[in-house]
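These notes are about the structure you will find just below.
The values are calculated or read from the model by the stated rules, or taken from the named source; none is laboratory data. What you are looking at is a predicted structure, and each value in this text was computed from that prediction instead of being measured. We place every Cβ from the backbone using ideal geometry, glycine too, and count neighbours over all the protein chains shown. Heavy atoms of the whole protein, side chains included, go into the accessibility calculation; ligands, DNA and RNA do not. Shrake-Rupley method; radii C 1.70, N 1.55, O 1.52, S 1.80 Å.
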Amino acid sequence: MIAYKSAFFAANNRELIRKAKKRTSNTEDSLVNNMWAYLLISAVSGLIAFKLALILYRRRKYPEPHFDWESIDLDEISFPENFLWGTATAAHQIEGNLTNNWTVHEENKNLEKSGEACNHWNLWKDDFQMLTDLGLTSYRFSIEWSRLEPEEGSWNNEAMDIYSQMIDDLISRRIRPTVTLHHFSHPVWWEEKGGFADENNLDHFLSYCERVFDALSDRVDVWCTINEPTVFSTMGYTLGQFPPGKRSIRLTLKVMRNLMRGHAMVYRSLKSKRPEVRIGIAKNVTLFDPLNRWSPIDWPVSRLLDWLWNGAWRKGIITGKMLFSKIPQAKDSLDFVGLNYYTHFLTGLFMPTSTDELEFAKRPHEIATEFGYPMYAEGFRRAIEFVAPLNVPIEITENGVADAQDSLRPEHLKRHLWIISEAIKEGYNITSYHHWSLMDNFEWAEGYSMRFGLHEVDFNTQKRTLRPSGELYRSIIHNSKSK
Ligand code: IFM
């Protein structure tokens with residue numbers, strides 16, 4: 001009996017201990033589970049708090065101002081006496097009958113052909129009269145490398161002579177020639193060697209630039225090495241809409257670095273020949289703003305694009321380091337910065353990978369231009385502020401709008417000139433304004449559909465007609481000169 005009882009108690013004890021152990025282990029499990037839940041909740045709330053703080057920080061650091069334009073008197077503008085008034089063009093867009101990387105691309109991609117363009121090569125004297133009629137004091141245009149060196153090493157002196165005559169003619173009109181050495185187009189043979197995608201090709205580019213410089217720099221004081229390096233690299237190597245129509249991020253970055261190297265090489269060489277000339281670059285500063293200013297996705301996208309498009313380039317000039325490469329000769333390689341400003345892009349999760357997919361978002365109150373992107377004159381001031389740390393004078397080398405009916409251009413012109421006038425009043429060293437463009441011309445992948453001209457061009461007859469915005473620009477120049 002006693003043995004039976006003690007066996008019973010022992011069994012009972014074991015059961016109690018087992019239950020107690022189970023209870024302890026359940027409590028431990030739930031403690032561990034609670035701890036994980038706690039950690040998870042803390043991590044998630046920490047992340048949310050961090051993201052929110054980052055958004056708040058970015059909203060403050062990168063404001064996107066919008067003005068009430070109705071309340072601004074756009075006639076309240078003034079410019080310094082020596083401010084230069086200009087227009088800008090590019091060889092491939094106006095000269096006509098060229099054979100270069102672009103004509104090959106037009107053919108390959110079955111695009112509208114540039115063909116005769118504005119036949120400017122034959123009509124340049126009449127076109128220069130239009131500059132005089134507008135009262136301009138500067139004219140920015142580009143030299144077509146493929147005309148001068150159609151085959152590797154064989155030079156066309158007659159073509160150089162025409163450019164030389166153009167320079168003389170401008171000077172006789174008291175218009176400053178502002179020469180761009182590379183504006184998107186170059187010879188086919190150079191493209192076939194890889195163009196800017198191969199660093200070894202930069203020597204060819206340098207010899208072309210030196211040759212032009214040797215022929216014209218006794219009369220040309222202001223030079224732009226390259227037009228819109230970032231547009232050239234992204235349109236040609238990421239979106240594939242410009243020649244050579246490639247789509248590779250690796251190549252895009254390579255081309256961006258080589259454009260910087262090419263610019264720096266040319267800058268150093270030309271400056272060593274004539275230290276007194278002023279050499280710059282025409283940089284398109286496009287702003288990238290998040291579509292939704294509270295979105296944790298739209299913000300990093302916009303910051304990344306801004307860095308690739310603008311920041312990396314400016315860092316290259318300031319420090320001689322660009323996109324993980326050292327380009328020491330690029331450091332301080334500007335006597336002025338040419339600023340091309342058109343718009344801001346609103347960026348979101350959906351990023352187009354080709355221009356066919358490009359749907360330009362705009363704020364509800366913003367006016368869409370014919371190109372689709374919004375008119376955002378407020379951004380012009382931001383673009384000026386962006387280039388100011390380069391600490392060199394700012395020349396506005398391009399600004400304008402596609403507008404066949406000329407219904408938007410007058411307002412566009414007035415708003416952008418008002419921005420410049422205000423910036424100058426506040427101390428920014430802006431020395432010129434070049435409107436894009438003197439006349440309608442070949443708008444690259446868009447063909448002749450986008451009309452940027454102060455003069456309308458009838459491409460059947462080559463007749464040029466001054467648009468009302470051209471008259472407005474003329475009277476603004478006139479008033480500014482007579483103040
Ligand atoms: O036509 C172009 C020009 O060649 C480079 N900057 C922008 C202009 C308008 O799109």
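Looking only at the range 325-349, how many residues end up being away from the ligand (no atom under 16 Å from the Cβ), out of contact with any Pro (no Cβ under 7 Å at 6 or more places or on another chain) and not in a strand (DSSP E or B)?
11
State all residues of the range 78-93 that are within 16 Å of the ligand (Cβ to nearest atom) and hydrophobic (A, V, I, L, M, F, W, C); if no residue qualifies, say none.
Residues of the range 78-93 within 16 Å of the ligand (Cβ to nearest atom): 86-93.
Of everything in the range 78-93, those that are within 16 Å of the ligand (Cβ to nearest atom) and hydrophobic (A, V, I, L, M, F, W, C) turn out to be A88, A90, A91.
Filtering the range 210-239 down to residues that are of a type in the set (A, V, I, L, M, F, W, C) and open to solvent by 10 Å² or more (accessible area, probe 1.4 Å), which residue is nearest to the ligand (Cβ to nearest atom)?
Filtering the range 210-239 down to residues of a type in the set (A, V, I, L, M, F, W, C) leaves 212-213, 215-216, 220, 222-224, 226, 231-232, 235, 239.
Right, trim to open to solvent by 10 Å² or more (accessible area, probe 1.4 Å) and you get 215, 231, 235, 239.
Details: A215: 24, V231: 7, M235: 10, L239: 14 Å.
Per the criteria, the residue is V231.
Condition (residue is among the basic types (K, R), open to solvent by less than 10 Å² (accessible area, probe 1.4 Å) and either in contact (Cβ under 8 Å) with a residue 12 or more places away in the chain or touching a helix residue (DSSP H, G or I) at 6+ places or on another chain (Cβ under 9 Å) (or both)) applied to the range 165-179: is it met by at least one residue? Spell out how you get there, then give the answer.
Narrowing the range 165-179 to residues among the basic types (K, R): 173-174, 176.
Adding the requirement that they be open to solvent by less than 10 Å² (accessible area, probe 1.4 Å) leaves none.
The answer is no; no qualifying residue exists.
Please report, ordered by residue number, the helices (runs of 4 or more DSSP H) entirely within the range 133-213 with at least 1 residues that are acidic (D, E) and out of contact with any Gly (no Cβ under 7 Å at 6 or more places or on another chain). Quick ask: steps written out before the conclusion?
Numbers: elements: 145-148, 157-172, 188-192.
The qualifying helices (runs of 4 or more DSSP H) are 157-172, 188-192.
Could you look through the range 259-292, keep only residues that are β-branched (V, I, T) and within 16 Å of A312 (Cα to Cα), and pick out the one that is surrounded by the fewest Cβ atoms within 10 Å (Cβ to Cβ)?
Start the filter on the range 259-292 by keeping residues that are β-branched (V, I, T), which leaves 266, 277, 279, 281, 285-286.
Adding the requirement that they be within 16 Å of A312 (Cα to Cα) leaves 281, 285-286.
Numbers: I281: 28, V285: 25, T286: 21.
Ranking the qualifying residues of the range 259-292, first place goes to T286.
Which one of H434, H478 is within 16 Å of the ligand (Cβ to nearest atom) and either assigned to a strand (DSSP E or B) or open to solvent by 10 Å² or more (accessible area, probe 1.4 Å) (or both)? Write out each step before concluding.
Working: H478 fails: within 16 Å of the ligand (Cβ to nearest atom).
H434 is the lone residue from the list that is within 16 Å of the ligand (Cβ to nearest atom) and either assigned to a strand (DSSP E or B) or open to solvent by 10 Å² or more (accessible area, probe 1.4 Å) (or both).
For the range 4-22, check the following and say yes or no: at least one residue is of a type in the set (F, W, Y) and either modelled with pLDDT of 90 or more or not in a helix (DSSP H, G or I) (or both). Lay out the reasoning, then the answer.
Start the filter on the range 4-22 by keeping residues that are of a type in the set (F, W, Y), which leaves 4, 8-9.
Among the residues that remain, those that are also either modelled with pLDDT of 90 or more or not in a helix (DSSP H, G or I) (or both) are: none.
No.
Test E191 against the stated conditions and say whether it is closer than 17 Å to N101 by Cβ and surrounded by fewer than 17 Cβ atoms within 10 Å (Cβ to Cβ).
Values: closer than 17 Å to N101 by Cβ: yes; surrounded by fewer than 17 Cβ atoms within 10 Å (Cβ to Cβ): no.
When the stated conditions are applied, E191 does not pass them.
Kindly indicate whether T461 is β-branched (V, I, T), more than 16 Å from the ligand (Cβ to nearest atom) and within 30 Å of K109 (Cβ to Cβ). Spell out the reasoning first.
Details: β-branched (V, I, T): yes; more than 16 Å from the ligand (Cβ to nearest atom): yes; within 30 Å of K109 (Cβ to Cβ): yes.
Criteria met by T461.
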